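Following: one structure in structure tokens, then a few remarks.
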């Protein structure tokens, strides 16, 4: 009972301090503190409620138990991380985004292809591509190559559509100016159109980060060697070792956020001139 | 006519090219097995025999489009003709299972998304504390924890439609929140000031200005949400032991190497996604036209 009361008290304190903080003028410090307090409050309430209401750890382990498990099994987690993230997701991400980028530049030269591939690409981007996973696992075997292939297929179309759109983002005046400078196709591409396309390209890259992780993990549900985050999650659920599952989720969340954040930082450095970055 | 060709011609060309590539891929991928079989039987295959064999294998590496088409017809149209439209072998049955959890998840996700967006727009504390977490929540590969959600909810005694719908909901609420926050904030200062001069209450401001001007944003996000919701429903069906649904067909097909079955489930899922997204697109056109917002 004492835990439940503590949980409610923490909730009240967290809520109250956030209301106070958000009334003050918005600075960098409050901008970081408010979501941080919100997150910490949630975790503490979770801990208190699980203990207070005596929820079985088989259903929902408390955060402290997950942290303890995380500390004990760093070896397994690291092995899974290398297998799924580095070998599967990252190689697929680089291959898929790179191929989509090159093909987009090619398409851009031929308006006929553009008018044909863009609607089809848009259509395919809305399809449940993750369903390709069992087929690709059959073709490329159980190891990381099939995971990378799933990731390639998943990130390809969003990246393609965004890059093609970005390459069209220059207006007539700018292209006319390049013409009056007697710029060649290559010069126009490198000095005007690619820089102008960067916000779109980064949008595609950011969408692709989440898709890459999802693709690599879900593909492991269809067959995997005895390591990998998706494999560990599905087998540990079967063994009701939910603390290990949650530890894997923490890894996935941290990796996902770091991956996204890294691309966002890169975007900030490359597209510093764009209105959305200057604000 | 020329205008129509200008628009559709390239698309038709690309689609035809995809089919040509598909047939070529069928030939290339299935040839080794056909050659192998012929060698063991001690016969030499002519090219036309080889083509015929690669197009009609029982468990091909890549089934030909017409094989997939036949399988889909066999499990939908023919079942209807036989009057067993919803037997367990029918893709119609599996599609409706997936469709129902997709739609339930989509409805829940849209409701949650709009509620959160209204809260974020009207409450500064929520804006500052919840919005960063909404964005962070999407960098987590939620599909990865789908099995756990299903198992845990099952253990609590909730089974069937709801656990799958929860996963769909989680995937579909995000685009709605982001789109609606943008949409509800899209009226500019002039318009808001105008409402103030008319002495409008905040309720009137919401119903008459903010909500109507958010509609274009809402429909764009709904399309993304619907596609995401279908993916959620399909992945949600994987860990339930492949009982029913398109995801279950995929899993069962991959267990038993029934490639034709996998592809037909995949194509059906694609058609379902296209139909659902197209339906929202249609609603978008009608609603925006009646509101006078179509360019």
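Does residue B:293 satisfy the criteria of being more than 9 Å from chain A (Cβ to nearest Cβ), assigned to a helix (DSSP H, G or I) and surrounded by fewer than 23 Cβ atoms within 10 Å (Cβ to Cβ)? For residue B:293, the condition - more than 9 Å from chain A (Cβ to nearest Cβ), assigned to a helix (DSSP H, G or I) and surrounded by fewer than 23 Cβ atoms within 10 Å (Cβ to Cβ) - is not met. The one condition from (1) at pLDDT 85 or above; (2) within 24 Å of residue A:117 (Cβ to Cβ) that residue A:173 does not meet is (2).
Suppose the filter is at pLDDT 75 or above and either within 21 Å of the chain's Cα centre (by Cα) or over 26 Å from residue A:55 (Cα atoms) (or both); does residue B:153 pass it? Spell out the reasoning first.
Details: at pLDDT 75 or above: yes; either within 21 Å of the chain's Cα centre (by Cα) or over 26 Å from residue A:55 (Cα atoms) (or both): no.
No, not satisfied.
Take the range A:263-274 and flag every residue that is in a helix (DSSP H, G or I) and either over 21 Å from residue A:211 (Cα atoms) or away from every other protein chain (no Cβ under 11 Å) (or both). Those that are in a helix (DSSP H, G or I) and either over 21 Å from residue A:211 (Cα atoms) or away from every other protein chain (no Cβ under 11 Å) (or both): A:265, A:266, A:267, A:268, A:269, A:270.
Within the range B:176-203, how many residues are within 25 Å of residue B:235 (Cα to Cα) and surrounded by 24 or more Cβ atoms within 10 Å (Cβ to Cβ)? Looking only at that region, the number is 3.
One line per residue, one yes/no per condition, for (1) touching a residue at least 40 places away in the same chain (Cβ under 8 Å); (2) under 24 Å from the mean Cα position of the chain (by Cα); (3) within 14 Å of chain B (Cβ to nearest Cβ); (4) not in a helix (DSSP H, G or I):
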{"site": "A:57", "(1), (2), (3), (4)": "yes, no, yes, yes"}
{"site": "A:87", "(1), (2), (3), (4)": "yes, yes, no, no"}
{"site": "A:101", "(1), (2), (3), (4)": "yes, yes, no, no"}
{"site": "A:124", "(1), (2), (3), (4)": "no, yes, yes, no"}
{"site": "A:136", "(1), (2), (3), (4)": "yes, yes, yes, no"}
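Of all the listed residues (A:44, A:32, A:53), the sole one being more than 25 Å from residue A:227 (Cβ to Cβ) and within 11 Å of chain B (Cβ to nearest Cβ) is A:32.
Of the listed requirements (1) under 25 Å from the mean Cα position of the chain (by Cα); (2) within 24 Å of residue B:208 (Cα to Cα); (3) away from every other protein chain (no Cβ under 13 Å), residue B:105 misses just one: (2). On the basis of being free of Cβ contacts under 8 Å to residues at least 24 places away in the same chain and under 15 Å from residue A:157 (Cα atoms), does residue A:106 make the cut? Yes: the conditions hold for residue A:106.
Scoring residue B:277 on the criteria (1) at pLDDT below 85; (2) within 9 Å of chain A (Cβ to nearest Cβ); (3) over 17 Å from residue B:94 (Cβ atoms) leaves a single failure, condition (1). Only one of the numbered conditions (1) under 27 Å from residue A:239 (Cβ atoms); (2) touching a helix residue (DSSP H, G or I) at 6+ places or on another chain (Cβ under 8 Å); (3) more than 14 Å from chain A (Cβ to nearest Cβ) is not met by residue B:160, and that is (2).
Would you please name the residue that is farthest from the other protein chains (Cβ to nearest Cβ), looking only at residues in the range A:107-122 that are over 26 Å from the mean Cα position of the chain (by Cα) and surrounded by 20 or more Cβ atoms within 10 Å (Cβ to Cβ)? Steps first, please.
Kept after step one, since they are over 26 Å from the mean Cα position of the chain (by Cα), are these residues of the range A:107-122: A:107-116.
Those still in the list that are surrounded by 20 or more Cβ atoms within 10 Å (Cβ to Cβ) too: A:107, A:116.
Numbers: A:107: 11, A:116: 3 Å.
Ranking the candidates gives A:107 first.
Each residue in the range A:188-228 was checked for being in a helix (DSSP H, G or I) and more than 7 Å from every other protein chain (Cβ to nearest Cβ), and 28 pass. If you check A:70, A:38 for being in a helix (DSSP H, G or I), touching a residue at least 12 places away in the same chain (Cβ under 8 Å) and within 14 Å of residue A:245 (Cα to Cα), only one passes: A:70.
Kindly indicate whether residue B:137 is assigned by TED's automatic domain parsing to the domain that holds residue B:214, within 21 Å of residue A:129 (Cα to Cα) and in a helix (DSSP H, G or I).
On the way: assigned by TED's automatic domain parsing to the domain that holds residue B:214: yes; within 21 Å of residue A:129 (Cα to Cα): no; in a helix (DSSP H, G or I): yes.
Against the criterion (assigned by TED's automatic domain parsing to the domain that holds residue B:214, within 21 Å of residue A:129 (Cα to Cα) and in a helix (DSSP H, G or I)), residue B:137 does not qualify.
Out of A:248, A:267, A:220, one residue alone is touching a helix residue (DSSP H, G or I) at 6+ places or on another chain (Cβ under 9 Å), closer than 21 Å to residue A:50 by Cβ and surrounded by 20 or more Cβ atoms within 10 Å (Cβ to Cβ). It is A:248. In this structure, residue B:24 does not qualify as at pLDDT 80 or above, under 27 Å from residue A:108 (Cα atoms) and in contact with a helix residue (DSSP H, G or I) (Cβ under 9 Å, 6 or more places away or on another chain). Determine whether residue B:171 is under 30 Å from residue B:146 (Cα atoms), under 24 Å from the mean Cα position of the chain (by Cα) and surrounded by 22 or more Cβ atoms within 10 Å (Cβ to Cβ). Taking the combined requirement at face value, the residue satisfies it.
Of the residues making up the range A:1-29, those that are closer than 18 Å to residue B:130 by Cβ, away from chain B (no Cβ under 13 Å) and either free of Cβ contacts under 8 Å to residues at least 12 places away in the same chain or surrounded by fewer than 14 Cβ atoms within 10 Å (Cβ to Cβ) (or both) are A:12, A:13. Restricting attention to the range B:239-258, does a residue exist that is loosely packed, with under 15 Cβ neighbours inside 10 Å and more than 12 Å from chain A (Cβ to nearest Cβ)? Yes, that holds for at least one residue.
The values are calculated or read from the model by the stated rules, or taken from the named source; none is laboratory data. Because the structure is a prediction, the values reported are computed rather than measured. Cβ atoms come from the backbone with ideal geometry, glycine included; neighbour counts cover every protein chain shown.
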